[in-house]
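Structure, as structure tokens:
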Amino acid sequence: MATTMKLIAQTTLGSSASNIEFTNIPATPYADLLLVCSLRDTATASGIAREQAFFTFNGSSTGYSGRWLFGAGTSTVSSGTSGTSSFDAWRISSANATSSTFTSVMFYIPNYAGSTNKSFSMEAAAENNSSSDWILSAGAGLWSNTAAITSVKVAPTQNFAANSSAFLYGITKA
């Protein structure tokens, strides 16, 4: 049996919202989860993508750790650690980015229903229709909790803009 990917749930916001959350994630038949998002924040910030977004599991605000790399336009790459109450190492397009541009984000969560701590990886790209005004970030983290992941929540600094979307996929493996 080959590796397959099946859409579990999806949402596209018709108006601004404080978060996007998927609940009641089934423990079977999947081995891993993939969350694919297209996001924009309603906050006005300096630069195109200076607003943070935060990623949590099962409503938990403890046990997160992570490292990230971040590069913007022609600036040098920086790195750092994520907070412990959520994974917050990435930036999304703010209200003053070019109209209708969104940040693309992917989270991969292997062994989400297993009885060990949960690792995950993330990559994100925000752009502004410019060769020098963009942001790339990548990160990896750990949620120090052995519970199966049954919900995933993504929340911005202020609100997600209308037309922000998220797709949750289950990955099966042979």
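Counting only strands (runs of 3 or more DSSP E) that sit completely within region 25-134, those holding 2 or more residues that are out of contact with any Ser or Thr (no Cβ under 6 Å at 6 or more places or on another chain) and modelled with pLDDT under 75 correspond to 78-81. Among the residues of region 11-29, write down those that are surrounded by 13 or more Cβ atoms within 10 Å (Cβ to Cβ) and either out of contact with any strand residue (DSSP E or B) (no Cβ under 7 Å at 6 or more places or on another chain) or under 19 Å from I171 (Cβ atoms) (or both). Answer for region 11-29, where residues must be surrounded by 13 or more Cβ atoms within 10 Å (Cβ to Cβ) and either out of contact with any strand residue (DSSP E or B) (no Cβ under 7 Å at 6 or more places or on another chain) or under 19 Å from I171 (Cβ atoms) (or both): F22, I25. Summed over region 155-174, the residues that are part of a strand (DSSP E or B) and either basic (K, R) or at pLDDT 95 or above (or both) give a count of 7.
The values are calculated or read from the model by the stated rules, or taken from the named source; none is laboratory data. All values reported here derive from a predicted model rather than from experimental measurement. We place every Cβ from the backbone using ideal geometry, glycine too, and count neighbours over all the protein chains shown.
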